[in-house]
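Reviewing the structure listed below.
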Amino acid sequence: NVDENSEDARRFLRRYKVPYPILWDENGEWASKYKLPGMPTAFVIDQQGVIQMRHSGFRPGDMKKIRSKIDHLLEMELAQ
């Protein structure tokens, strides 16, 4: 997260009940390193540390797409 006000980010997380870890990017280092096109940007990273999905922006249906990708990766992991 690159919000200037950490409380804005916390309100967003509470409102949407975000159940996964969030990176607080206070100095914008990660945003610069990964050339983020906009905020918010979500990454789904697998157990090997490989980025499996990158999603920018936020609309109500987006959380369902992200969760679907996570569920798919977890199913693949369990199948091994």
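The values are calculated or read from the model by the stated rules, or taken from the named source; none is laboratory data. Owing to the predicted nature of the structure, the values given are computational and were not obtained by experimental measurement. Neighbour counts run over all protein chains shown; Cβ positions are idealised from the backbone, glycine included.
Going by the structure shown, is Val44 under 30 Å from Gln80 (Cα atoms), part of a loop (DSSP other than H, G, I, E, B) and of a type in the set (Val, Ile, Thr)?
Judged against the criteria, Val44 is not a match.
Output the qualifying pairs, or none if there are none: Cβ atoms under 8 angstrom, residues six or more apart or on different chains, first residue in segment 32-45 and closer than 18 Å to Lys69 by Cβ and at pLDDT 80 or above, second residue of a type in the set (S, T, N, Q) and surrounded by 13 or more Cβ atoms within 10 Å (Cβ to Cβ).
Hits for this filter: Val44/Gln52; Ile45/Gln52.
Scan segment 29-52 for residues that are of a type outside the set (Ser, Thr, Tyr) and over 20 Å from Leu13 (Cα atoms) and jot them down.
Residues satisfying the conditions are Glu29, Lys33, Lys35, Pro37, Asp46, Gln47, Gln48, Gly49, Val50, Ile51, Gln52.
Could you count how many residues in segment 14-38 are under 14 Å from the mean Cα position of the chain (by Cα) and either surrounded by fewer than 14 Cβ atoms within 10 Å (Cβ to Cβ) or under 25 Å from Glu75 (Cβ atoms) (or both)?
Count: 12.
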